[in-house]
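*Asks:* Sharing a structure, written as structure tokens. Questions coming.
The values are calculated or read from the model by the stated rules, or taken from the named source; none is laboratory data. In this text the structure is predicted, and so the values were computed from the model without any measurement. Virtual Cβ from ideal backbone geometry, glycine too; neighbours counted across all protein chains shown. With ligands, DNA and RNA removed, areas are computed over all heavy atoms of the protein, side chains included. Shrake-Rupley method; radii C 1.70, N 1.55, O 1.52, S 1.80 Å.
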Amino acid sequence: MLDINLIRETPDLVRKALRDRQMETAPVDAMLQLDERRRSLLGEVESLKAQRNMVSKEIGQLKDAEARQSKIEAMRLVGDRISGLDAQVAAVDRELGDLAATIPNVPDARTPIGASEAENVVLRTVGEIPKFDFAPKAHWELGPALGVIDFERGTKITGSRFYVLSGPGARLQRALIAFMLDLHLRQGYTEQYLPFMVKAETMFGAGQLPKFADNLYKDHEEELYFVPTAEVPLTGLHMNEILDEARLPLLYTGYTPCFRREKMSAGRDVRGIKRGHQFDKVEMYMYARPEESDALLEKMREDAEATCAALGLTYRVKQLCTGDLGFGAAITYDIEVWAAGCNEWLEASSVSNVRDFQARRANIKYRPTDGSKARFVHTLNGSGLGLPRTLIAVLENNQRADGSVVVPGILQPWMGGIDVIRPI
RNA sequence: GGGGAGGUGCCAGAGUGGUUGAAUGGGACGGUCUCGAAAACCGUUGUGGGCUCCGGUCCACCGAGGGUUCGAAUCCCUCCCUCCCCGCCA
């Protein structure tokens, strides 16, 4: 959600932001018109209300029955006009709100301008692309051969894009989750166990509704949504709160499953576990003072990189261009891990500063230490790596000629002595 | 699931339909007093929005949303949440 003042005072800035994102600028003009209409209606209705308040007080004092009655009649008419105008204001507000909810965040000046993901910029690559003296297998072959990924039974139980992790595969994922959470604790984050279902208001606050309703699973009986990422409940955590500045920044980490209908990606990445309807993720999230959020974005990127590095994964850091930037983000780094079997880079993490965009939608402010007016916080989010893609990279990159996979040493504390997973 | 009680400001807690944006107490902040502190005393202590000659002024907000009324924290309806008792249950 953008500040209406930003649109009112610097509409060209917002128009440019929309153009850079390959979007229409018409909503800006519609909003400017509605905003003007709203203010003129408010002027009218509020002066009527002031009049009614004043006369109503007089009525309370009046002893003379006739004078009293005539004022009551007059105010009844005023009341009717107020109801009519109030309804108009409400209608304009709704339109304005609907439009505002569809306008994405203004990109940071450092976000390169580009039309699509093809114009994202690779900032650097860390590690060597592993060489094999045999043809490395993709995880959709490796997984079933090792008995750790069971595609058929996932589909049997639920449907396409669902799978079962079995035996050491399930344990490996659990080890990765525990490893990531423990690492984030050392990096200064506080662990949260969150609800996996949220109400519509929470989805709206995080920017998922109304725009991405198609991508969400919903329980229609209870009007609850399944979270598509822990970012949603982590944003909701402090919804409608005013935080003490002394508490900032707040650094959180949380593990949740994520549920996505993937309607927009129908037919893409259907092979393997790269893009399922349900996947696990460990998330990092921050509530920050505006002036420190830029620096904290770099910390979060480093923390995500540290996860890749500790697992011995080869990865690269990309800077997203305006055409590929997420709806709420002002600036985003993607971290992609190399998967030797699929022979491609997989997006495992996306680290963004959304500035006050979510804070406005979710109404999250902080009280400056000097006691001055409450200000919106900045929020940042980043995956401490999505589990399926991390799992893919770990399996594919650590495979050996005999079809076995070496488990990274750093995961040993959670693997109970399993250092190699062998074909069944 | 059944029955009962309740949601008011930072907290506690009043509030006959008519200067109640809200008594009182506590906390916090500022000040007086003091060598300093405590105590005492005085003052300040919400959010959003409109207009503004930037001094203000007006509107809205007492869990949320509707309704009744000239006028609603107060009356009515719906929903949400909390607490207590009974039942059921991982």
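*Asks:* Taking A:Lys199 as the anchor, which aspartates and glutamates have their alpha carbon closer than 18 Å to its alpha carbon, excluding any fewer than eight residues away along the same chain?
*Replies:* List returned: A:Asp214, A:Asp219, A:Glu221, A:Glu222, A:Glu223, A:Glu231, A:Glu241.
*Asks:* Sticking with this one: If you count only protein heavy atoms and use a 1.4 Å probe, how large is the accessible surface of A:Met197, to the nearest 10 Å²?
*Replies:* 70 Å²
*Asks:* What list of ³J(HN,Hα) couplings, whole Hz, do you get for region A:21-33 from phi and the Karplus terms 6.51, -1.76, 1.60, once you set θ to phi - 60° and write x for glycine and proline?
*Replies:* Per-residue couplings from phi come out as 8, 6, 10, 6, 9, 3, x, 5, 5, 4, 5, 4, 5 Hz.
*Asks:* Continuing with the same structure: Considering only DSSP states other than H, G, I, E and B, which chymotrypsin sites (Phe, Trp or Tyr not before Pro) in region A:157-230 qualify as loop sites with at most 13 other Cβ atoms within 10 Å? Write out the running numbers ahead of the final one.
*Replies:* Details: sites: A:Phe162, A:Tyr163, A:Phe179, A:Tyr189, A:Tyr193, A:Phe196, A:Phe204, A:Phe212, A:Tyr217, A:Tyr225, A:Phe226; in loops: A:Phe162, A:Tyr163, A:Tyr189, A:Tyr193, A:Phe196, A:Phe212, A:Tyr217.
Filter output for region A:157-230: A:Tyr193.
*Asks:* Something else now. Read phi for every residue in region A:41-58 and hand back ³J(HN,Hα) as whole Hz from Karplus 6.51 cos²θ - 1.76 cosθ + 1.60, θ = phi - 60°, with x for Gly and Pro.
*Replies:* 4, 4, x, 5, 5, 6, 6, 5, 5, 4, 5, 5, 4, 5, 5, 4, 5, 4
*Asks:* Give me the number: length gained by fully extending A:Lys16 to A:Glu36, i.e. 0.36 nm times residue separation minus the C-alpha to C-alpha distance, one decimal in nm.
*Replies:* 5.0 nm
*Asks:* Under a 5 Å amide H to amide H cut-off, with H placed in plane at 1.01 Å, what residues pair with A:Leu243 once short-range neighbours are removed?
*Replies:* Sorted by chain and number, the residues that satisfy this are A:Lys365, A:Tyr366, A:Arg367.
*Asks:* Among A:319-330, A:291-302, how do they line up by average Cβ neighbours within 10 Å per residue, starting with the highest?
*Replies:* Packing proxy ranking, top to bottom: A:319-330, A:291-302.
*Asks:* Averaged over all directions, how much area does the convex hull of the C-alpha atoms of chain A cover when projected, in nm²?
*Replies:* It is 25.9 nm².
*Asks:* Is the shape of region A:67-149 best called rounded, prolate or oblate, per the rule: a/c under 1.5 gives rounded, else a/b larger than b/c gives prolate, else oblate, with a ≥ b ≥ c the square roots of the Cα gyration tensor eigenvalues?
*Replies:* Details: a/c = 7.17, a/b = 3.12, b/c = 2.29.
Cα axes put region A:67-149 in the prolate bin.
*Asks:* Also: For a quick check: with amide H placed at 1.01 Å from N, whose amide H comes under 5 Å from A:Thr229's, ignoring anything fewer than 5 positions away on the same chain?
*Replies:* A:Phe259
*Asks:* So what is the relative contact order of region A:117-421, in percent, for Cα pairs below 8 Å that sit 6 or more residues apart?
*Replies:* Over region A:117-421, the number comes to 24 percent.
*Asks:* Still on this model: Tell me which lysines have Cα within less than 16 Å of A:Lys365's Cα, excluding those fewer than 8 residues away on the same chain?
*Replies:* Result set, ordered by chain and number: A:Lys373.
*Asks:* Can you list the lysines whose alpha carbon sits under 18 Å from that of A:Lys57, skipping same-chain ones fewer than 8 residues off?
*Replies:* Within reach: A:Lys49, A:Lys71.
*Asks:* What distance in nm separates the simple spin-label points at A:Leu123 and A:Glu46, each placed 7 Å from Cα in the Cβ direction?
*Replies:* Once both label points are built, they end up 4.4 nm from each other.
*Asks:* With an 8 Å Cα cut-off and a minimum separation of 6 or more residues, compute the relative contact order for region A:4-100 in percent.
*Replies:* Values: 45 pairs, mean separation 32.8, N = 97.
Taking the mean separation of contacting Cα pairs over the length of region A:4-100, I get 34 percent.
*Asks:* Then there's this: Any idea what the dipole of region A:67-107 comes to, in debye rounded to 20, about its Cα centre with Lys/Arg Cβ at +1 and Asp/Glu Cβ at -1?
*Replies:* In total the dipole reaches around 320 debye.
*Asks:* Just the number, please: carbon plus sulfur as a percent of the accessible area of chain A, 1.4 Å probe, no ligands or DNA/RNA counted.
*Replies:* 51 percent
*Asks:* Between A:Arg110 and A:Gln412, what is the label-to-label distance in nm when each label sits 7 Å out along the Cα-to-Cβ direction?
*Replies:* For the pair A:Arg110/A:Gln412, the computed spacing is 3.8 nm.
*Asks:* Shifting gears a bit: Determine the dipole magnitude for chain A: charges of +1 sit on the beta-carbon of Lys and Arg, -1 on that of Asp and Glu, nothing else is charged, the reference point is the Cα centre, and the result goes in debye to the nearest 20.
*Replies:* For this selection, approximately 360 debye.
*Asks:* Ignoring ligands, DNA and RNA, how do A:Arg422, A:Arg361, A:Arg375 rank by accessible area with a 1.4 Å probe, largest first?
*Replies:* A:Arg422, A:Arg375, A:Arg361
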